[in-house]
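The values are calculated or read from the model by the stated rules, or taken from the named source; none is laboratory data. Predicted, not measured: the structure shown is a model, and the values here were computed from it. Note that we place each Cβ from the backbone using ideal geometry, even for glycine, and neighbour counts take in every protein chain shown.
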Amino acid sequence: APLPVDEATLASLRVRLADRPLLLAASTHPGEDEMILDDFNEIDDDTLLVIVPRHPERGAAIARRAVELGFRVARRAADEEPGDAEVYVADTLGELGLWFRLARLAVIGGSLIPGIGGHNPLEPARLNCPMISGPHVENWLTAYADLGLVDGVTLADQAVLGRRLAGLMASPETLRAQADRAQAFVARRDAEARTALDRIIALLDAEPPMETGA
């Protein structure tokens, strides 16, 4: 099922962000935030970078580092508004579905550095959110291979990440087509899984009860 969202919060943020393009760094780990912040300098000035750390307790440290790098920063856990911030640290739990729905492009965390294995790319795909991922996706190889077959995800290593981000953020039509392909693939996959499960349940229901001995 798609990640949940509070519809009132979603509607409110849509109004407050207006048409501002949003780049999402989803479920990031130490080392990835700074990599993305460095690459963010290559992207159009009006873009808002939203960083959702995998562990929200890192939010204050991420915000401090972004300030050190010269960015205007706001933090969601501190009840600060995005306003004219360049970087918004969304250090709260359970809101990834909100940001996937708002983002023009999502960078999938856990994939830019070795040792983590990536995070689930099917979550943004279900929500029609375009995505880019690093190469370290050992825990999700099948999902990435399947999405790759339909050209539903962009892969980039650290050397080219900044250029890829800038190019994709400037090409919303390309991103929309990619997201549509990924969403259609995942919808077919989910439907097939539900059909298979329904058949298994029907077979189990049709089996006669086991006889017990006297």
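Quick look at the numbers
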read-out: Gly31, sole failed condition from (1) of a type outside the set (Val, Ile, Thr); (2) touching a Phe, Trp or Tyr at 6+ places or on another chain (Cβ under 8 Å); (3) surrounded by fewer than 18 Cβ atoms within 10 Å (Cβ to Cβ); value: (2)
read-out: Residue match in segment 189-199 (condition: of a type in the set (Val, Ile, Thr) and either under 25 Å from Leu3 (Cα atoms) or assigned to a helix (DSSP H, G or I) (or both)); value: yes
read-out: Whichever residue in segment 165-189 is over 19 Å from Phe100 (Cα atoms) and either surrounded by 13 or more Cβ atoms within 10 Å (Cβ to Cβ) or in contact with a Cys (Cβ under 7 Å, 6 or more places away or on another chain) (or both) and, among such residues, is modelled with the lowest pLDDT; value: Arg189
read-out: Boolean, Gln158 is of a type outside the set (Lys, Arg), modelled with pLDDT under 95 and surrounded by 14 or more Cβ atoms within 10 Å (Cβ to Cβ); value: yes
read-out: Test: Glu42 is assigned to a loop (DSSP other than H, G, I, E, B), touching a Gly at 6+ places or on another chain (Cβ under 8 Å) and surrounded by fewer than 20 Cβ atoms within 10 Å (Cβ to Cβ); value: yes
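Results for (1) in contact with a Lys or Arg (Cβ under 7 Å, 6 or more places away or on another chain); (2) part of a strand (DSSP E or B); (3) of a type outside the set (Gly, Ala, Ser); (4) touching a residue at least 60 places away in the same chain (Cβ under 8 Å), shown as yes or no for each residue.
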position: Asp91; (1), (2), (3), (4): yes, no, yes, no
position: Gly115; (1), (2), (3), (4): no, no, no, no
position: His119; (1), (2), (3), (4): no, no, yes, yes
position: Trp140; (1), (2), (3), (4): no, no, yes, no
position: Ala143; (1), (2), (3), (4): no, no, no, no
position: Asp146; (1), (2), (3), (4): no, no, yes, no
position: Arg163; (1), (2), (3), (4): no, no, yes, yes
position: Gly167; (1), (2), (3), (4): no, no, no, no
